[in-house]
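Okay, handing you the structure first.
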Amino acid sequence: MANLTSNFIGIKSPNPFWLASAPPTDKAYNVVRAFQAGWGGVVWKTLGAEGPPVVNVNGPRYGAIWGADRRLLGLNNIELITDRPLEINLQEIKQVKRDWPDRAMVVSLMVPCDEESWQAILARVEDTGADGVELNFGCPHGMAERGMGSAVGQVPEYIEMVTRWVKKHSRMPCIVKLTPNISDIRKPAEAAKRGGADAVSLINTINSITSVNLDTFSPEPMIDGKGTHGGYCGPAVKPIALNMVAEIARSAETQGLPISGIGGVTTWRDAAEYMTLGAGNVQVCTAAMTYGFGIIKEMTAGLSLWMDEKGLTSVDEVVGRAVPNVTDWQYLNLNHITKARINQDLCISCGRCFAACEDTSHQAIAMSPDRVFTVKDDECVACNLCVNVCPVEDCITMETLPAGTTDPRTGEVVPAEYGNWTTHPNNPMAKAAE
Ligand SMILES: Cc1cc2nc3c(=O)[nH]c(=O)nc-3n(C[C@H](O)[C@H](O)[C@H](O)COP(=O)(O)O)c2cc1C
Ligand code: SF4
Ligand code: SF4
């Protein structure tokens, strides 16, 4: 049976699933039940500086996007950092860590951008016995307006400076949480590394407006007739986060920097994908908020079974396994040629593939008078659109043309060797290099 124990930057946990800093980790009552359910660790809901706690709105703080079955796909929130007194949070963190020594207890922090504020809070967190800190440079709403959160996370120099302060004033491992609301995610990751961060975590939420109420003409969620941008998370953000994780994992400047993967992790499969793209562990928020803490059982069981099936005995063997297969477009094999194939036994004759290919792709699907759909190999460019619009799983698949056969579309023989854009005859740069 696969060993799920995790050692992320020296922080040990029985499995690589941590709850992300958010409402599920806002108080001991939640965290204790999460640990009872089996979560490997938590990042406590972000603490602010000493003084009166922040104030949240007293109306709805969530907006959402749903699939056709009303399954939650994306969640948008306008919640701020913890609105509970600092001292109470610290006492609870200390007690929970004492009671659950084998679980990871990381404390998320967001204080004003000056050295004294960071030094002061770090001393108090260290006193709780917490395993590490996560610097929240990501909150896209509310805190940015006060010069914190994404206002800092969007300026690499600030990230580097604050990370340095944290490393100077604390012995705890330091994770820098990155905001995705930036054009090139590698820049803040590089800054965190320069500042001495032990790891980065990503993503925090994405700036968003999920919908507009067409009766009141206000963005949702609406508070007394007005709305504001919020932070988007949940399954919908996973593709964006996965790419950002992969970018950091494969960049020469940040290669080897430990990553905690966050964004839409809902099943063991999501976690495995993050880990293969370089994440040492994952953090979960929306899935726990949607389905409750019990999902951890399925996550750990699923990951363990999959690892057994693949002959992977430890989490470390999973981490980064897909990174060598992430490349830039110009290195993709242009000599790898495929064609769509429709399984007539599975086809329900809905015609979606025909409409998609005929109207928006390459007119490569024929429809007979009795609604039998077939692919015209001499037109199919293998774009895969029909596969994605077909409502029946595996009804349309892509079949590789073997080397040596002739592609009926181009009339050319499929080469056996790999060939990419950098050497393609149509590439002026390739010609110049000859
Ligand atoms: C209601 C809510 C509150 C959040 N509060 C915080 C916070 O205080 N600090 C923080 O670093 N991230 C916060 N987050 C972001 C999450 O930690 C996480 O980065 C994000 O939700 C993406 O993960 P998910 O798709 O699993 O939800 C919050 C998210 C939600 C939904
Ligand atoms: S792969 Fe693209 S071009 Fe080929 S049949 Fe499907 S939609 Fe048409
Ligand atoms: S979309 Fe799929 S099920 Fe519908 S006609 Fe095409 S192949 Fe058949």
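Each value in this text was obtained by applying a stated rule to the coordinates, not by laboratory testing. Small disclaimer: the values here were computed from a predicted structure and weren't measured. Neighbour counts are summed over all protein chains in view; Cβ atoms, including those assigned to glycine, are modelled from backbone coordinates with ideal geometry.
Tell me, in nm to one decimal, what length is gained between Thr406 and Lys12 on full extension, where the rule is 0.36 nm per residue of separation less the Cα-Cα distance? Let's see the in-between values first.
Values: separation 394, 0.36 × 394 = 141.84 nm, distance 5.55 nm.
Answer, rounded to one decimal: 136.3 nm.
Shape verdict for region 329-433, please, from the Cα gyration tensor: rounded (a/c under 1.5), prolate (a/b greater than b/c) or oblate. Intermediate values should be presented prior to the final figure.
Numbers: a/c = 2.48, a/b = 2.25, b/c = 1.10.
Prolate.
Is the shape of the chain rounded, prolate or oblate, going by the alpha carbon gyration tensor and its root eigenvalues a ≥ b ≥ c, with a/c under 1.5 for rounded and a/b larger than b/c for prolate? Don't skip to the end; give the middle numbers.
Details: a/c = 1.96, a/b = 1.72, b/c = 1.14.
Note, shape of the chain comes out prolate.
Taking the simple approach of a point 7 Å from Cα along Cα-to-Cβ for both Arg124 and Arg71, what is their distance in nm?
The answer from the label model is 4.3 nm.
What is the extension gain from Thr374 to Glu116, computed as 0.36 nm multiplied by their sequence separation minus the C-alpha to C-alpha distance, in nm to one decimal?
85.9 nm
For the cross-link pairs Lys97/Lys167; Lys27/Lys94; Lys45/Lys168, which exceed 19 Å when the distance is taken from alpha carbon to alpha carbon?
Numbers: Lys97/Lys167 22 Å; Lys27/Lys94 12 Å; Lys45/Lys168 23 Å.
In this structure, Lys97/Lys167; Lys45/Lys168 exceed 19 Å between Cα atoms.
Ignoring everything except DSSP H segments at least 4 long, calculate the 222 nm mean residue ellipticity for the chain; use -39,500 (n - 2.57) per segment, divide by total residues, nearest 500. Please list the in-between numbers first.
Values: 14 runs with 132 residues, N = 434.
My calculation for the chain gives -8500 deg cm²/dmol from helical runs alone.
Quick query: amide H of Val107 versus all other amide H atoms, modeled in the peptide plane; which residues come in under 5 Å with a sequence gap of 5 or more or a different chain?
Trp44, Gly132, Val133, Glu134
Across region 176-183, in residue order, what do the Karplus-derived ³J(HN,Hα) couplings come to in whole Hz, using 6.51 cos²θ - 1.76 cosθ + 1.60 with θ = phi - 60° and x for Gly and Pro?
Taking θ as phi minus 60°, the curve returns 9, 8, 9, 8, x, 7, 7, 6 Hz for region 176-183.
Continuing with this model, one more query. Taking the Cα atoms only, what angle lies between the long axis of helix 186-195 and the longest principal axis of the chain, rounded to 10 degrees?
For 186-195 against the chain, the angle is about 30 degrees.
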